[in-house]
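Asks: So that we are looking at the same thing, I have put the structure below in structure tokens.
The numbers here are math on the coordinates, done by the rules we state, and not lab data. Computed from a predicted structure; not experimentally measured. Neighbour counts run over all protein chains shown; Cβ positions are idealised from the backbone, glycine included.
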Amino acid sequence: MREALKVGISGVRGVVGQSFTPQLAASFAQAFGMYAGRGPVVVGRDTRPTGRMVEEAVIAGLQSVGNKPLLAGVVPTPTILYLTRALGANGGIAITASHNDVEWNALKFVGRDGMFLRPSEADELFDIYHQQDFPYVEEFELRRVVEIEQPMQGHLERVVEYVSGDAIRSGKFRVAVDCCNGVGAIHSVPFLRDRMGCEVVTIHDRPDGRFERPPEPIPQNLEALGHAVRKHECVVGFAQDPDGDRLALLDETGTPIGEDLTLALAVRQVLSSHARGPVVTNQSASKVIDHVAAEEGCDVIRTKTGEIYVSEKMMEIGAVVGGESNGGVIVPVVHPCRDSYTAMALVLELLAETGRTIASLRSDLPKYELLKQKIPIRPSQAPGVLRAVRRHYENEKLDLMDGIYVDFGDSWLHIRRSNTEPILRIITEAPSQSAVEKIAQDARSIIEASLE
Amino acid sequence: MKTLRVSSFGLRGHVGTSLTVPVVQNYAAAFATSIEGGRVLLGRDTRYSSPMIASAVKSSLIGSGCEVLDLGVCPTPVLQFSTARRDAAGALSITAGHMGMGWNAITLIGRDGACLDTNSGEAVLDLFHAGDFRKATFANQGDAVECNDYFEPYLDRLCEVVCVEEIRRKKFTVLIDPIGGAGCVFLKPFADRFGLKLVSVNAEPSGYLAREPEPRPRSAQHLASFIEHVDGDIGFVLNSDVARVSIVTEEGEQASEEYSFAVVADHVLQRQPGVVVTNTCTSRMVDDVAARHRAQLVKTRVGQAYVVALLADEQGVLGGEGSGSVVLPLFSQGFDGFLMMAIILESMAQSGRRASELLRALPKYHIIKHRRPCDAHAAYHAVDSIGGRLSEWAGGTKESSDGIRIDWEDGWVHVRPSQTEQLIRIISESTDRVRAEQRADEIAKMVDHEI
């Protein structure tokens, strides 16, 4: 099971108790400390039961090379990114395996600009790690650990300032939140109740990382939330992932609208109520985004899959909103990263300003069927499979920016290797269920044939 | 610099040069593996590097499935005492003890509160070298819980083994210099229990070493300079983890640390006869005190681990070393400075003698200690070679179980590589000051020649 370690642009992920050890975590922290240069480094984590172990290792690793750890404690990943920039730190380390199952944990590295390391920066970090020649400091140069006081305050105030708080609060919405036993179990109620004036129903709200539902906020994992929405007659259901960067929505009937539509509604709200400008998303995001942007006369720019590619492009072109199809909404004015708190605020603002329901807002959007599948694959098998797929579709309109993207006009197929797991992702979108299944089935048969 | 020393009961080195985070993590992981998870107590002193080392240790312990009770800044003897009473599988103490700034160390402690026994320690070393560590998954991951309710039970028990009421009645004025170490925050509750008027210096738990860290006459200068002005009854100089003590008398005499154990032995043996254990280079005062009370004295190698282990084998009543340390098995299994202070105060209270009188009641020897800086590998070679040349030195008897010791009627000399520092230690004792000095100087010359 040594392959259960992934080192890549999303950081360093592994199964704790196998490849992901305290020694590995400390060693990467040393490499990062050296990369970032001596100075303060923000450290935060999600609620996973292995988080404390990793945190101690990271603290020791950072201190040993002369960095000053600033501890944020158990906070959302977007808060760690926010704090890194707001506190003028040299960098940050987020200890979270995001949507991976409980046995995983990971280190994600943040640059001084509050954004995840770009691929070239990550390469430099990994070079330092592999060199294993760290500039340990002597005792008198060691810097003490500092605990950040009220780590959530700055980030959440920024979110509240961005939206029309008064309008939202006067709506007195009743909402249900599925915290996925993650950081939301600590921070979402205070946010929604005290800052957004909502009446809040929570489920999976024990902050211990022992996930009571599979951590990805995809429709099949959200039945309990749907039940809570109906039982308590909530206007919306919010489903977070364990580290609070992604958000999926359930309408007032408790039906998931699909996590790709979180971004669609957020884009609509930003473009119609806040600012017009270009929208950035990745290749796998639904064509609904193009539709929503077009209604406001705005362009959509597509990037490779991976939060940093989207964030970086947004900063480069001055985009006003963007994000990922997995429920990751990015508003650069708050902070250029995926943030479920920004997303929740925008959805509440949309409800307050339009006076409509989620189901009714969703019905404005064109109907596409999106199908996401994954096939386990060994890293050594991937290139052969991708070659076979490319040959099969060579007469179609292909984009090879990130895996293989086949554009069929009103439908598309995207096949790529996951950045985080040893799997191949197959994503298809088409106007009808039968069409999407047909495309996906074709793709699967090609892949399976090439695996034999 | 070859400064790392890995042994079966501890790890020490120079921070950043040899004592690095990976070494610390692996050593702690080896210990956690040897006890198969389980509850572990963790304490540290106030050195700048101790929190970092504590984090590294915690990561390994938690990652190996241990339940860590983190006592924070805690003197080693208090940690040892607590280990035996918290149903723990063992403990780690992070402390540089008597070493200078820039150094640090981890001491491994077994479930009985003593330094880890040799067999268990060898198992830790084997695991450390093999790099084969217990890895806990999320399901059996350990945790760390802070614990700060341990000093009261410690004092409660201490008050059972010494007569607290007699000490309280005397309202002693006591000067203590904890050298900014782990003792700092515990001095006040200690003084309150025993009704002491406490005058402390270097009592901010800063980790900054304002003086030489070994309790000895030279490091007692500050206390000695004003003890008469504040009408102090006695002064105590501690090391940074409260394992060693030297005495300053009410007259301002900076007593040799060799007196500390001798004073305690003289007091304890009169009410509780039994076997006493010390090391081969402790003052003959202790031999004479043992003889005075018809107690059997057994000697072993230098080091707490050896003294306490032999004490258990011999079912002795008291152990200690000339470096200023004492262990009382009916109280705990570690060298304990609080215990030593309490026993000396009890001795003063019960005998009605002043500190200077306690010292004067002991046989008079002159003890000279020299230190020569020397790398560990060169030190062993040098001591061996000196041993060869000393086979027939001026009619003395040679003994070489731990370094080289030569005994005469009037005294002895001992030369050995330090277990804890890059040093050769030379000790010479005689009833005649000049002779003690001559012998010490002669050995020092030989050492200088060898290195």
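Asks: Roughly what would the spin-label model give for A:Gln220 and A:Ile423, points 7 Å off Cα along C-beta, in nm?
Replies: 1.0 nm
Asks: In whole angstrom, and with the biggest value first, how far do the Cα coordinates of chain A range along each principal axis?
Replies: Answer, in whole Å and largest first: 65, 59, 40 Å.
Asks: Which order do A:Thr428, B:Thr95, B:Thr137, A:Thr202 fall in if you start with the one that has the fewest other Cβ atoms within 10 Å? Walk me through the numbers before you get to the answer.
Replies: Numbers: A:Thr428 26, B:Thr95 32, B:Thr137 16, A:Thr202 19.
Exposure proxy ranking, most exposed first: B:Thr137, A:Thr202, A:Thr428, B:Thr95.
Asks: Looking at this model, which pairs from A:Lys68/A:Lys313; B:Lys398/B:Lys445; A:Lys287/A:Lys374; B:Lys364/B:Lys445 are more than 23 angstrom apart at the alpha-carbon? Intermediate values should be presented prior to the final figure.
Replies: Working: A:Lys68/A:Lys313 31 Å; B:Lys398/B:Lys445 19 Å; A:Lys287/A:Lys374 21 Å; B:Lys364/B:Lys445 26 Å.
In this structure, A:Lys68/A:Lys313; B:Lys364/B:Lys445 lie more than 23 Å apart at Cα.
Asks: Under a point-charge model restricted to the Cβ atoms of Lys and Arg (+1) and Asp and Glu (-1), what is the dipole moment magnitude of segment B:170-360 relative to its Cα centre, in debye to the nearest 20? Don't skip to the answer; put the middle values down first.
Replies: Details: 18 positive and 23 negative charges, 64 e Å.
Value, rounded to 20: 300 debye.
Asks: Counting other beta carbons within 10 Å of each residue's own, what order do B:Tyr48, B:Tyr380, B:Tyr154 fall into, fewest first? Mind dumping the intermediate values first?
Replies: Numbers: B:Tyr48 22, B:Tyr380 15, B:Tyr154 25.
With the fewest neighbours first, B:Tyr48, B:Tyr380, B:Tyr154 line up as B:Tyr380, B:Tyr48, B:Tyr154.
Asks: How many percent of all Cα-Cα pairs in segment A:168-363 sit more than 26 Å apart? All intermediate terms of the calculation are to be shown ahead of the outcome.
Replies: Numbers: 4847 of 19110 pairs.
Above the 26 Å cut-off, segment A:168-363 has 25 percent of its Cα pairs.
Asks: What is the dipole size for the protein assembly as shown, taken about its Cα centre, with +1 at each Lys and Arg Cβ and -1 at each Asp and Glu Cβ, in debye to the nearest 20?
Replies: Working: 94 positive and 118 negative charges, 58 e Å.
Charge dipole, the protein assembly as shown, about its Cα centre: 280 debye, nearest 20.
Asks: Given the options A:Ile59, A:Leu125, A:Gly88, identify the residue whose Cα lies farthest towards the positive end of the charge dipole of segment A:6-151 (+1 on Cβ of Lys, Arg; -1 on Cβ of Asp, Glu).
Replies: A:Gly88
Asks: Counting other C-beta atoms within 10 Å, which of A:Ser418, B:Ser219, B:Ser401, B:Ser60 has the fewest, and how do the rest follow?
Replies: Ranking A:Ser418, B:Ser219, B:Ser401, B:Ser60 by Cβ neighbours within 10 Å, fewest first, gives B:Ser401, A:Ser418, B:Ser219, B:Ser60.
Asks: Return the FRET efficiency for the residue pair A:Arg169, A:Asp364: r is the Cβ-Cβ distance, R0 is 35 Å, and the value is rounded to the nearest 0.05. Write out the running numbers ahead of the final one.
Replies: Numbers: r = 25 Å, r/R0 = 0.73.
Between A:Arg169 and A:Asp364 the formula returns 0.85.
Asks: Something else about it: Please compute, over every Cα-Cα pair in segment B:49-204, the percentage with a separation greater than 19 angstrom. Spell out each step's value before the answer.
Replies: Details: 7600 of 12090 pairs.
Tail fraction, whole percent: 63.
Asks: Once the piece of chain linking B:Arg294 and B:Lys364 is laid out straight, how much longer is it, given 0.36 nm per residue of separation minus the C-alpha distance between them? Intermediate results must be reported in sequence, preceding the final value.
Replies: Working: separation 70, 0.36 × 70 = 25.20 nm, distance 1.91 nm.
23.3 nm is the gain from fully extending B:Arg294 to B:Lys364.
Asks: Continuing with this model, one more query. Post the alpha-carbon centroid distance, segment A:1-41 to segment B:410-430, in whole angstrom.
Replies: Measuring centre to centre over Cα atoms gives 47 Å.
Asks: How crowded by other chains is A:127-135, given as the mean number of beta carbons from other chains within 10 Å of each beta carbon? List each step's numbers first, then the result.
Replies: On the way: counts 0, 0, 0, 0, 0, 1, 0, 4, 1.
Across A:127-135, the average partner-chain Cβ count within 10 Å equals 1.
Asks: Give the aspartates and glutamates reachable from A:Lys397 as a straight Cα distance under 14 Å; neighbours fewer than 8 places away on the same chain don't count.
Replies: Within the straight-line limit of under 14 Å, A:Lys397 reaches these aspartates and glutamates: A:Asp407, A:Asp410.
Asks: In addition: Leaving out same-chain residues fewer than 8 places away, which lysines sit with a Cα under 18 Å from that of B:Lys171?
Replies: B:Lys188, B:Lys197
Asks: Follow-up. Cross-link candidates for B:Lys135: which lysines have Cα within less than 20 Å, leaving aside residues fewer than 8 places away along the same chain?
Replies: Excluding near neighbours in sequence, the set is A:Lys6, B:Lys58.
Asks: Let me ask you something else. When a/c is below 1.5 the answer is rounded, else prolate if a/b is larger than b/c, else oblate, so apply that to segment A:6-151 with a ≥ b ≥ c taken from the square roots of the Cα gyration tensor eigenvalues.
Replies: Rounded.
Asks: For a Förster distance of 35 Å, can you work out the FRET efficiency between the beta-carbons of B:Arg353 and B:Arg157, rounded to the nearest 0.05? Walk me through the intermediate numbers first.
Replies: On the way: r = 26 Å, r/R0 = 0.75.
Rounded to the nearest 0.05, the efficiency is 0.85.
Asks: Peptide B:19-28: average number of partner chain Cβ atoms within 10 Å per residue? The partial results should precede the final answer.
Replies: Details: counts 3, 6, 16, 11, 0, 3, 11, 2, 0, 1.
Mean shielding count: 5.
Asks: Could you work out how far apart the two model spin labels at B:His229 and A:Glu452 are, taking each label as a point 7 Å from the Cα in the direction of the beta carbon, and quote it in nm?
Replies: Roughly 9.6 nm, to one decimal.
Asks: Between A:Glu295 and A:Ser434, what length comes free when the chain is fully extended (0.36 nm per residue of separation minus the Cα-Cα distance, one decimal in nm)?
Replies: Answer, rounded to one decimal: 47.3 nm.
Asks: Shifting gears a bit: What span do the alpha-carbon atoms of the protein assembly as shown cover on each of the three principal axes, reported in whole Å from largest to smallest?
Replies: 106, 57, 41
Asks: Starting from the Cα of A:Arg391, move 7 Å in the Cα-to-Cβ direction to define the label point; list residues of segment A:425-448 whose amide nitrogen is under 19 Å from there.
Replies: A:442-448
Asks: Sticking with this one: Dipole of segment A:129-274 (Lys/Arg Cβ +1, Asp/Glu Cβ -1, origin at the Cα centre): which of A:Ile218, A:Phe238, A:Cys179 lies farthest to the positive side?
Replies: Farthest towards the positive end: A:Phe238.
Asks: Okay, next question. Taking the Cα centre of segment A:168-363 as the origin, how large is its charge dipole in debye, to the nearest 20, when only Lys and Arg (+1) and Asp and Glu (-1) carry charge on their Cβ atoms?
Replies: The dipole of segment A:168-363 has a size of about 320 debye.
Asks: Counting only helical runs of four or more DSSP H residues, what would the 222 nm mean residue ellipticity of chain A come to if each run contributes -39,500 (n - 2.57) and the total is spread over all its residues?
Replies: Working: 15 runs with 168 residues, N = 452.
Helix-only estimate at 222 nm: -11500 deg cm²/dmol.
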